Amino acid sequence: MTTPLDIEGPAAPPRSNGELVFAEPWESRAFGMAVSLYEAEVFTWPEFQAALIARISAWETSAAPDEPYNYYQLWLAALEDVLTGVSAVSAEEVTARSQALAQRPPGDDHNR
């Protein structure tokens, strides 16, 4: 099963010369998690794509004029939406883990 990453439009991942572009290590990990969970059949790609498009659309309609666009923040939020939607994790688990990760010192990129 392969991920349909040759998509175009608002849900298409950022590319440069045809290669995926990640500005930070966490972005590639978020990307990899989504692809791995899709390949494990936790959710379908159309489910994820719809969640990502919904997140992008919501950002477009509600973002402040000076708020920077970050594709992979929206990607991660869409992944959280899909995983809670299929009951793979609860919203409370996502919140608790996010809060724990936010408490780490800057530059601490190791799991504990």
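A few comments on the model shown:
- Net charge, Leu79 excluded, C-beta distance under 14 Å - Lys, Arg +1, Asp, Glu -1: -3
- Candidates Pro14, Pro46, Pro65, ranked by Gaussian network fluctuation over the chain, Cα under 10 Å, top entry: Pro65
- Comparing Arg55, Arg97, Arg29 in a Gaussian network model of the chain where C-alpha atoms under 10 Å apart are linked, the largest mean-square fluctuation is found at Arg97.
- About the centre of its Cα atoms, the range 10-99 shows a dipole size close to 100 debye [charges on the beta carbon of Lys, Arg (+1) and Asp, Glu (-1) only; nearest 20 debye].
- Using C-alpha pairs below 8 Å separated by at least 6 residues, the relative contact order for the chain is 25 percent.
- Cα-based shape type of the range 27-69, given that a ≥ b ≥ c are square roots of the gyration tensor eigenvalues and the cut on a/c is 1.5: oblate
- Label-to-label distance, nm, for residues given as Glu92 and Ser62 (7 Å Cα→Cβ offset): 2.4
- Gaussian network model of the chain, Cα within-10 Å springs - most flexible of Ala77, Ala34, Ala102: Ala102
- For the chain: rounded, prolate or oblate by the Cα gyration tensor [a/c cutoff 1.5]: rounded
- The label-point distance for Thr84 and Ser28, in a model that sets each label 7 Å from Cα toward Cβ, rounds to 2.9 nm.
- Charged side chains reduced to their Cβ positions (Lys and Arg at +1, Asp and Glu at -1) give the range 47-112 a dipole of some 160 debye around its Cα centre.
- Only helical runs count toward this figure. For the chain, summing -39,500 (n - 2.57) over DSSP H runs of n ≥ 4 and dividing by all residues gives -17500 deg cm²/dmol at 222 nm.
- Here's the picture: charge each Lys and Arg Cβ at +1 and each Asp and Glu Cβ at -1 in the chain, and of Phe43, Thr84, Pro105 the one pushed furthest to the positive end of that dipole is Pro105.
A short reminder: the numbers here are calculations on the coordinates, not readings from a lab. No experiment lies behind these values; they were computed from the predicted model shown. Every residue, glycine as well, gets a Cβ built from its backbone with ideal geometry; the counts of neighbours run over all protein chains shown.
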